[in-house]
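Chemist: Okay, handing you the structure first.
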């Protein structure tokens, strides 16, 4: 394995669904000679693109899991993480961005900056990932790279600097003009593998010169040498421009834009050149970990091979040979036979087989040095775990994991399915922190929970296909919550005298709503009305009450409990007695605190041709949606709304039929909001009916 | 109670206009200023005041995307609440949010028939019926008079009020009454025109045109730090 860190690029390819990123990755692997044939997503040859390693992804034509792969280009080693485009799998995208040093934002030259591109861009900003933009599908009817560049500036606020301009567009798309070298570049051969440089066509010459001047002007802000050369009218070299552009890109103050058509095999090699020239190597990115010995104070990691190991497991996959753990090493070197510690579990692990992945094929390696991405075999861990050398107590920054908003009951068909289902669930919950499962104590059903309908659908499908677990699913259930809207006092005595030792505890105080969802417990007791040793029991009693609200049995959030008085009995008081008193006090006060039900509200963004704007808004309105705004984009419009999740089931089918299949939407959790009274009554009826059935 | 606090403490109440909406039904109002002085901020405060009084506002922007316009509202409501120490602003926000609809167009894609079509989509389906419309970013030049006349008809027909931002340049010419050139051809259409001017470190809000008799009223300024309207002790005539 080569060890020149400056020649390493860890990149991600992120984009809106159907922007062609899987096709692009496939072409990259072809040109870098990692594969020797090209397959399309949903290919007629029935093979599917190489990065879509899961059978299900091949069938649906979407990328679900981020398969990591590596390739070589111009003496550089490029590790690519293919990321999912659907919002339901956003945690995958975020996890990928955490381990990347740079990214390629793929944009469709027809669709431009779409809603998912905006979400992905926000994520990139959060993790400060420098990026370059690739405007794909320049061969499509309606292609307009100039408009996409404008959108990059206007919608995403990027300082987009085109490094190329197209030669022809739509069906006449022939190649690109390289504005740095001032050459026309054509891609010949059956798969565009032969690059031909020519003079710029006369008709494009003046426009190319104007754009080059603009490019140099933008780049000069990041290089004194380039500025001096301009002022002194010296020759401007390629190196000067590249150095300046690189400096701007690394600071995220410039987004270089290249273009082409991956499907038509045009422009991909130039994109690879841009990746190696302008995106950072691992040493140029500052990574930090949390020092657990010093109250999680951040520690900057060195990216030095010889320092103690710090690595992050960012992806798990269950293969035919056991669990495969994708890791990124930030500091030190993980070598075969060395010992590392999983910080979460404290377990020491002797490193066995190390591999480098190319989608679902693998290559054995001996070491994974700092800055590299590789995979460990047979290591028991969860996604997001940190591995370190023995003696270190560092953890990589924990990632924000949103709470699930939707759940589904699943019932295995037979005993075999039951066993396989358990195996699958155990794997999935480890792979994906947003996917959770539990057994309902009352109905004894297994409940799976996640971030959206499609998210759960995919896992149910994977259970069937990968684990042979046939399951039937119930109706999706929304994760409602209860909370209170006003303060209510309590003064409750728990007294039981039924022979033997009695139980006695009195608790007084009040409950009130809080603005954030957290539970706050405050002890304002003075004078020892309740002895200190019973206070934790009081808190425990209140916490137990939060699991299931007395109103509709949903979890309770946003409550502050203050206890300010009470009484005890020297013989009959106990932890049990005060826990029971707390539960009684809560029940008593809760119903007087005007409890309400909250439901998850989703941010829904619909992109549709303008002529369907009316029907789209009507659909949202029918679903209790609140339309925040409508953005007119010429032939297309973007409608943004907040819609209760409960109303969004089956929305994709309805939207398709209302817009002749021309609209698409994305959805992500936004906030919890109070359910209107009429709906709350309906929910109460449904729950009562469900309980009756269960009984 | 919280909403009432915010309404009562709003310095707009002190401006001395007869209507709480400043302009009558079917009327036009304009805020004139140079770029970056705070035209949008001022109009968003008018809009927030209207929403707090339970009326609906359609914000049409030819400049910014929906998210950016939304941010103006969130920021300014947050700052208003902080200035008057009103708590639980999230509840207020949730309550007034359904009273606002943002529509954005590209300058070149905007036309009155197109706006009317969009508004009909909203009103006929009972989704949103605005009481006030804000048009931010409309270009005022010699060609804009027919557009404004058409808009006037639409606004009157839909029983709304309309506010416009008018961008003026540093070297803009003014008539004898001090009205800047961009507004002159359409002057008759406007009931109220406010000019935002920089005076030292402050931005003063001046009446260029008003329906009212010229009675003394407090000078309002736009605080450059918060972009909120505040009142000074001085009195303008």
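The values are calculated or read from the model by the stated rules, or taken from the named source; none is laboratory data. Only a predicted model underlies this, so the values are computations on that prediction, with no experimental measurement involved. Cβ placement follows ideal geometry from the backbone for every residue including glycine, while neighbour counts extend to all protein chains displayed.
Chemist: What residue, of B:48, B:43, B:58, B:32, is in a strand (DSSP E or B) and modelled with pLDDT of 90 or more?
Modeler: The unique qualifying residue is B:58.
Chemist: Take region A:606-655 and flag every residue that is at the interface with chain B (Cβ under 9 Å from one of its Cβ atoms), in contact (Cβ under 8 Å) with a residue 60 or more places away in the chain and not in a strand (DSSP E or B).
Modeler: Within region A:606-655, no residue meets the criteria.
Chemist: Moving on to the next point. From B:119, B:123, grab the single residue that is in a helix (DSSP H, G or I), more than 21 Å from the chain's Cα centre (by Cα) and either more than 8 Å from chain A (Cβ to nearest Cβ) or without any contact (Cβ under 8 Å) to a residue 60 or more places away in the chain (or both).
Modeler: B:123
Chemist: Please go through region A:144-175 and give me each residue that is outside any strand (DSSP E or B) and farther than 20 Å from residue A:118 by Cβ, ordered by number.
Modeler: Once the filter is applied, which keeps residues that are outside any strand (DSSP E or B) and farther than 20 Å from residue A:118 by Cβ, region A:144-175 yields A:163, A:168, A:169, A:170, A:171, A:172, A:173, A:174.
Chemist: Could you tell me whether residue A:340 is closer than 24 Å to residue A:104 by Cβ and at pLDDT 85 or above?
Modeler: Criteria not met by residue A:340.
Chemist: Out of all the residues in region A:472-487, which are crowded, with 20+ Cβ neighbours inside 10 Å and outside any loop (DSSP other than H, G, I, E, B)?
Modeler: A:481, A:482, A:483, A:484
Chemist: Still on this structure, please answer the following. Consider region B:63-88. How many of its residues are in contact (Cβ under 8 Å) with a residue 24 or more places away in the chain, part of a helix (DSSP H, G or I) and either crowded, with 17+ Cβ neighbours inside 10 Å or in contact with a helix residue (DSSP H, G or I) (Cβ under 7 Å, 6 or more places away or on another chain) (or both)?
Modeler: Selection size over region B:63-88: 10.
Chemist: Yes or no: residue A:310 in contact (Cβ under 8 Å) with a residue 12 or more places away in the chain and farther than 13 Å from residue A:376 by Cα?
Modeler: Spelling it out, residue A:310 is indeed in contact (Cβ under 8 Å) with a residue 12 or more places away in the chain and farther than 13 Å from residue A:376 by Cα.
Chemist: In region A:261-281, how many residues are crowded, with 23+ Cβ neighbours inside 10 Å and either over 27 Å from the mean Cα position of the chain (by Cα) or not assigned by TED's automatic domain parsing to the domain that holds residue A:31 (or both)?
Modeler: 2
Chemist: Turning to a different aspect of this structure: State whether one or more residues within region B:40-52 are surrounded by fewer than 23 Cβ atoms within 10 Å (Cβ to Cβ) and within 11 Å of another protein chain (Cβ to nearest Cβ).
Modeler: No, that holds for no residue.
Chemist: Let me ask something else about it. Working only within region A:656-689, note down all residues that are more than 30 Å from residue A:613 (Cα to Cα) and in contact (Cβ under 8 Å) with a residue 40 or more places away in the chain.
Modeler: A:680, A:683, A:684, A:687
This table checks each residue for (1) within 30 Å of residue A:431 (Cα to Cα); (2) in contact (Cβ under 8 Å) with a residue 60 or more places away in the chain.
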{"position": "A:457", "(1), (2)": "yes, no"}
{"position": "A:465", "(1), (2)": "yes, yes"}
{"position": "A:469", "(1), (2)": "yes, no"}
{"position": "A:502", "(1), (2)": "no, yes"}
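Chemist: Within region A:656-678, track down each residue that is farther than 14 Å from residue A:622 by Cβ and in a helix (DSSP H, G or I).
Modeler: A:656, A:677, A:678
Chemist: Please specify each residue of region A:202-225 satisfying the condition of being under 17 Å from residue A:260 (Cβ atoms) and without any contact (Cβ under 8 Å) to a residue 40 or more places away in the chain.
Modeler: A:204
Chemist: Six or more apart or on different chains, Cβ under 8 Å: which pairs go from a residue in region A:14-30 that's in the same structural domain as residue A:106 (by TED's automatic domain parsing) and surrounded by 23 or more Cβ atoms within 10 Å (Cβ to Cβ) to one that's modelled with pLDDT of 80 or more and in a helix (DSSP H, G or I)? Could you list them?
Modeler: Within 8 Å, the pairs are A:24/A:268; A:24/A:271; A:27/A:268; A:28/A:268; A:28/A:271; A:28/A:272.
Chemist: Pick from region B:188-234 the residues that are modelled with pLDDT of 80 or more and not in a strand (DSSP E or B): which of them is farthest from the chain's Cα centre (by Cα)?
Modeler: B:188
Chemist: Which residues, taken from region B:94-116, are within 19 Å of the chain's Cα centre (by Cα), free of Cβ contacts under 8 Å to residues at least 40 places away in the same chain and loosely packed, with under 15 Cβ neighbours inside 10 Å?
Modeler: Passing the criteria: only B:98.
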